[in-house]
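The next block holds one structure in the form of structure tokens; read it before the comments.
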There are 2 protein chains.
Amino acid sequence: MAHPGAESIRSDDAMKQQPAFEPVRPVRLYERIVDQVETAIASGELVPGQRLPSERELVVQFGTSRATVREALRVLESNGLVRSRPGDPNGPEILPFTSGGLRKQLHRLARTEELTLAQLLVSRMMLDATANRLAAVLRTDAELAGMEAAIDRMRDSVDLGFEAFSEADVAFHEAVAVASGNTMIQVSNAVVRDTVLSLVAGKLAHARNSKTLMRRSLEHHEQVLDAIRAGDGPAAARASTQSLYDYYAGYVSAAERRTLQALLDG
Amino acid sequence: MAHPGAESIRSDDAMKQQPAFEPVRPVRLYERIVDQVETAIASGELVPGQRLPSERELVVQFGTSRATVREALRVLESNGLVRSRPGDPNGPEILPFTSGGLRKQLHRLARTEELTLAQLLVSRMMLDATANRLAAVLRTDAELAGMEAAIDRMRDSVDLGFEAFSEADVAFHEAVAVASGNTMIQVSNAVVRDTVLSLVAGKLAHARNSKTLMRRSLEHHEQVLDAIRAGDGPAAARASTQSLYDYYAGYVSAAERRTLQALLDG
DNA sequence: TCCAGCCACCGGTCTGACCAGTGGACTTTT
DNA sequence: AAAAGTCCACTGGTCAGACCGGTGGCTGGA
């Protein structure tokens, strides 16, 4: 069984009485620096746009060597908290929060775990359905116009080839995700979509009947858009789920297809 | 509008013809090392449990100084990909995937209001609904028994206090997530659940009517289990969504509550 | 065969150095 | 006085070499 992320803490054998000791990990110096800076940022003591002292100044403040300070900065940088630029006399910059880190980790999850295409499709259907459901209720007029524009581009792209069509398709789904107002859904959906596309890359483009596929997909998307325009969340969700199923179901086994079908009905 | 993670690539002003230049960021040496190792891990060339050469050996292979190699290792380490232990003659170890990084990023976003409780609840309702829907169809008898055991523990815990109840509650949801057969949903759900709990920590436990809450939650969970046992996915999804709504809706604003309600109907 | 001790090697940290680039201060020009 | 150009202190990126405490495979003795 592979259940990552499900760490069990208590050992279930005989624990006498008092102990409950925790394993102690050696704490490296650079980790303490990272902790201090992270805490300062989390508490608002350091605010995006603000600058950290220069590395050499930090060396003095933390009382370590520059190598140690730099290791800490590299970690903070890779976590998207700060950015260093060579030559900048103002020192490293505190960055505003972005979902970039989330995206990176999700991407790793999607790549590292043995995620089958079917599993990814389930995720995609789930995310898209929810995004549509929310977008139908929450979308602004501007966002609706953006979706309409994307669909227009899809319509124009049917004769331009799969590449352009797919791009407009992605733009539509992205617009819906944004309109859902949910960062988690938006980021997850983007990651999963990317991964799915990379898995079926080529297959769709070289399908014999690709123009037919595109036309049918376009119809489905128009249904979705209509439902969103009408504010009918459940209908939008239903249509989008059906659309994804029709588009991709051919690429999974019969058994997996049955799993996908479980998500279809209302 | 705050939609981080939605980077626009094309500038929409007059681009003459050919260019389409991309901004070039200076690539530090340590980043290239990180890339190489990440790629090797992603491609399966490096497998969890396997060891990296020692730092001094990497210095030779990459043709850089030890400081540079170490910065790369610190980044990889902070991303949960490898672990170095001083004195270990086998070198840094390639780690199996964990959800720790995901959890960290989610917590960070939640702390900075980039991800509100309402948004997390939407995600949770979505994930749980889908997990239940799938579990109703895919669950094995053993998995069903596990769910029943968890519910029994919940029932026994009503009088034992919130802590124990919550633990059994988590166990039930985890069992459902496992039964869904979808790693993505399982991990995401665990992480989101964890974050939600940390946000409402204490509030639930100290609620005046906590025993009433627990009893109602128990009823909801029994409904969910019944639906799963009956193989009725949609009903299980509906019941679980309603359960989460009832449990948490009191902690979000009226406007946000309306968003959550959009997920309730069939 | 098994155990204790050794020692080569590991990672963590430090010191000190060099380089190309940045951007504010300063000077010159308009 | 404002704008343009120049300069240079200081920055981050990288390197070389060193020391330390600790680890674990190897080896020799019981």
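The values are calculated or read from the model by the stated rules, or taken from the named source; none is laboratory data. Because the structure is predicted, anything quoted here is derived from the model rather than measured. All Cβ positions, even for glycine, are placed from backbone atoms using ideal geometry, and neighbour counts span all protein chains on display. Only protein heavy atoms, including side chains, enter the accessible area calculation; ligands, DNA and RNA are left aside. Shrake-Rupley method; radii C 1.70, N 1.55, O 1.52, S 1.80 Å.
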Checklist entry - Here is a list of conditions, (1) within 14 Å of DNA strand D (Cβ to nearest atom); (2) within 29 Å of the chain's Cα centre (by Cα); (3) not in a helix (DSSP H, G or I), and A:PRO53 meets all of them except one; can you say which number that is? => result (2)
Next on the checklist: Can you list the helices (runs of 4 or more DSSP H) lying wholly within region B:115-213 that have 2 or more residues being more than 16 Å from the chain's Cα centre (by Cα) and of a type in the set (A, V, I, L, M)?
Outcome noted: B:117-138, B:141-157, B:162-179
Next on the checklist: Quick check on region B:36-45: of everything there that is within 12 Å of chain A (Cβ to nearest Cβ) and open to solvent by 70 Å² or more (accessible area, probe 1.4 Å), which residue is nearest to DNA strand C (Cβ to nearest atom)?
Outcome noted: B:THR39
Checklist entry - Filter region A:74-83 for residues that are within 10 Å of DNA strand D (Cβ to nearest atom) and within 9 Å of another protein chain (Cβ to nearest Cβ); which is most open to solvent (accessible area, probe 1.4 Å)? => result A:GLU77
Next on the checklist: Quick check on this structure: which one of A:ALA110, A:ALA129, A:ALA171, A:ALA118 is farther than 30 Å from B:GLU38 by Cα and either small (Gly, Ala, Ser) or at the interface with another protein chain (Cβ under 8 Å from one of its Cβ atoms) (or both)?
Outcome noted: A:ALA129
Checklist entry - Is region A:83-102 home to any residue that is over 30 Å from B:ARG32 (Cβ atoms) and away from DNA strand C (no atom under 16 Å from the Cβ)? => result no
Checklist entry - Inside region B:84-107, can you point out the residues that are open to solvent by 30 Å² or more (accessible area, probe 1.4 Å) and either of a type in the set (Ser, Thr, Tyr) or within 10 Å of another protein chain (Cβ to nearest Cβ) (or both)? => result B:ARG85, B:PRO86, B:PRO96, B:THR98, B:GLY100, B:ARG103, B:LYS104, B:HIS107
Checklist outcome for this item: Scanning region B:59-72 residue by residue, those out of contact with any Phe, Trp or Tyr (no Cβ under 9 Å at 6 or more places or on another chain) and either in contact (Cβ under 8 Å) with a residue 12 or more places away in the chain or in a strand (DSSP E or B) (or both) turn out to be B:PHE62
Checklist entry - Would region B:22-29 turn up any residue that is away from DNA strand C (no atom under 11 Å from the Cβ), more than 14 Å from chain A (Cβ to nearest Cβ) and either part of a helix (DSSP H, G or I) or open to solvent by 30 Å² or more (accessible area, probe 1.4 Å) (or both)? => result yes
Next on the checklist: Six or more apart or on different chains, Cβ atoms under 8 Å: show the pairs whose first residue is in region B:220-240 and within 14 Å of chain A (Cβ to nearest Cβ) and in contact (Cβ under 8 Å) with a residue 60 or more places away in the chain and whose second is among the hydroxyl-bearing types (Ser, Thr, Tyr) and crowded, with 21+ Cβ neighbours inside 10 Å.
Outcome noted: B:ALA237/B:THR130
